[in-house]
Amino acid sequence: MKSGSPGFLVKNGRIKKMSRKIIHVDMDAFYAAVEQRDFPEFKGLPVIVGGQPDSRGVVATCSYEARKFGIHSAMPCSRAYQLCPQGVFVKPRFSAYKQASEEIHSVFREFTNMIEPLSLDEAYLDVSHVDLYEGSASLMAKEIRRQIFKTTQLSASAGISYNKFLAKLASDVNKPCGQFLIKPGQAEIFLSSFPIGKFYGVGKVTEKKMQLHGINTGADLKQKSMQELLALFGNSAEYYYDIARGIDDREVVTHRIRKSLGAENTFQKDLDNFDEMVEQLKLLAIETLDSLSRRDLMAYTITIKVKYADFKQVTRSYTSATVISVQNVVFELLPVLLGRTEIKEKKVRLLGVSFSGLIDSSSPVSGEQLSLFGE
Ligand code: DCP
Ligand code: MG
């Protein structure tokens, strides 16, 4: 049996699918909590991690005290300052968050090796085959949270269910510092009153489109037939059909292959000069190429992202049949891609470079591609 798969059980001569037990752990106000732990004078205060109030940066996260003022992740810091001038604005300290994340993972590993990290503060654990606490995933989650707190003095929330989709939704229910279980048979009731925009995989654009068609909750989504969903959403129809019913067969993937790697920068002043933009893109490209090579990765696709002064954003990509993550090739492509945007008409506030279509540079195919490219 493949580890982490639900497996099969032969019962009364019939094959029965065993359901999974998934725990989704998500730290509470992660970066801000680390700041409040390391600087006790910040405890109980609205702490905003990200840029300074007078900068053009955005909020990475904020403490629950700050959330009462309406501040949230990705909000411009200037806006956060308007909402809460007395807030404590601090710069992120990634090494501290990374360290905390490693400690959290060592707690996870006491329970299972079937861990799929989603970010520094979030992971899925497949505990289907773990015998601790007589196999009770709820008790395991409670103990995981207790041990995380003991080791890091940081609080975590957890969602427990029979698949990843539901476990992730569940971890938000009793946040902060709580957990919630969705048992088989409870999903559809749980989802029926759930606002459609909160479903994982329903972004802002899809949310609007669904609302236009009278889909505001999980119950509304479930009312739609597969035919109707196909007409509305094409390839994604099946996904929406399934999530309305709480169906998700994705396994916990322990060795996730990175899909993309990139860097971006918001400028203090909008840029309006082509050469300067190319220079900035080159700097971002060098940084990203460096991260790729440290991870022994190479890429087939390069994408630039341009956010204009009016906040509209576009991406331009180029995919090659050969590996393109080589500095001189990238430097040639950057001005070409940039030339395909509206920078002549609009100023630019943010630039980004990312690589996707990643392969391991030690894999035989990449060696072949590289030599092809060399010719
Ligand atoms: N983060 C970020 N930029 C975002 C969102 C998040 O830099 N737009 C960072 C800061 C967060 C961390 O990732 O601390 C984890 O993100 P979460 O969405 O889990 O948010 P928090 O852990 O901060 O809060 P919550 O208690 O809602 O999970
Ligand atoms: Mg979190």
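So for THR266, THR61, what's the accessible-area order with a 1.4 Å probe, most first?
Accessible-area ranking of THR266, THR61, largest first: THR266, THR61.
Carbon and sulfur: what percent of the chain's accessible surface (1.4 Å probe)?
53 percent
Could I get the Rg over Rh figure for the range 188-243? Both from C-alpha atoms, Rh via Kirkwood, rounded to two places.
Looking at the range 188-243, the ratio lands at 0.91.
What FRET efficiency comes out for the pair GLU287/ALA74, r = Cβ-Cβ distance, R0 = 30 Å, nearest 0.05?
0.85
Could you give the accessible area per residue of the range 188-243, probe 1.4 Å, as a whole number in Å²?
60 Å²
For the range 260-360, what's the relative contact order in percent, using C-alpha pairs closer than 8 Å and at least 6 residues apart?
Value for the range 260-360: 48 percent.
Counting pairs of Cα atoms in the range 212-304, how many percent are more than 17 Å apart?
Considering the range 212-304, 68 percent of its Cα-Cα pairs are separated by more than 17 Å.
Quickly work out the PHE39-to-LYS209 label distance, labels modelled 7 Å from Cα along the C-beta direction, and quote it in nm with one decimal.
In this crude spin-label approximation the distance works out to 4.3 nm.
Please state the Cα pair-distance histogram of the range 106-230 with 5 angstrom bins from zero: what percent is in each bin?
All Cα pairs considered, the percentages come to 2, 10, 18, 21, 16, 12, 9, 7, 4, 1, 0.
Report the far tail of the P(r) of the range 260-360, meaning the percent of Cα-Cα pairs longer than 18 Å.
More than 18 Å apart: 40 percent of the Cα pairs in the range 260-360.
If ligands, DNA and RNA are left out, what is the accessible area of ASP249 with a 1.4 Å probe, given in Å² to the nearest 10?
ASP249 has an accessible surface of roughly 100 Å² with all protein chains in place.
Taking the Cα-to-Cβ direction at SER317 and at GLU342 and moving 7 Å from each Cα, how far apart do the two end points lie in nm?
Computed distance between label sites SER317 and GLU342 equals 2.2 nm.
Could you give the nm distance between label points at VAL326 and ARG93, where each point is 7 Å from its Cα heading toward the beta carbon?
Rounded to a tenth, the inter-label distance reads 4.3 nm.
Any chance you could run the full-extension gain for LYS269 through GLU143? It's 0.36 nm times the residue separation minus the Cα-Cα distance, nm to one decimal.
Here the answer is 40.5 nm.
With the chain treated as a Gaussian network of Cα nodes joined by springs under 10 Å, which of VAL25, VAL34, VAL278 yields the largest mean-square fluctuation?
Result: VAL278 has the largest fluctuation of those listed.
Using only the alpha-carbon atoms, what does the chain span along each of its principal axes? Please give whole angstrom values in decreasing order.
If we take the Cα atoms of the chain, the spans are 70, 56, 45 Å.
Going by the alpha-carbon gyration tensor, a ≥ b ≥ c the square roots of its eigenvalues, is the range 103-175 rounded (a/c under 1.5) or, if a/c is not under 1.5, prolate (a/b greater than b/c) versus oblate?
Judged from the Cα gyration tensor, the range 103-175 comes out rounded (a/c under 1.5).
Once you keep just the Cα pairs under 8 angstrom separated by 6 or more residues, what percentage relative contact order results for the chain?
So the answer I get is 13 percent.
Arrange the residues PHE69, PHE331 by how much accessible surface each exposes, largest first, with a 1.4 angstrom probe.
The residues order as PHE69, PHE331, largest area first.
Send over a whole-number figure in Å² for the accessible area per residue of the range 34-92, probe 1.4 Å.
50 Å²
Give the separation of the Cα centroids, the range 272-295 to the range 140-187, in Å.
Using only Cα atoms to place each centre, the spacing works out to 40 Å.
Whole number in Å², please: accessible area per residue of the range 260-360, 1.4 Å probe, ligands, DNA and RNA not counted.
Counting only protein heavy atoms, the per-residue value for the range 260-360 is 51 Å².
In percent, what relative contact order does the range 34-92 have, based on Cα pairs under 8 Å that are 6 or more apart in sequence?
The value is 38 percent.
Using only DSSP helix segments of four residues or longer, with each worth -39500 (n - 2.57), what per-residue ellipticity at 222 nm results for the chain after dividing by its residue count and rounding to 500?
It lands at -11500 deg cm²/dmol.
The values are calculated or read from the model by the stated rules, or taken from the named source; none is laboratory data. Here the structure is a predicted model, which is why all the values come from computation and not from measurement. A quick note on method: Cβ atoms are made from the backbone with ideal geometry, for glycine too, and the neighbour counts reach across all protein chains shown. Surface areas here come from the heavy atoms of the whole protein model, side chains and all, with no ligands, DNA or RNA. Shrake-Rupley method; radii C 1.70, N 1.55, O 1.52, S 1.80 Å.
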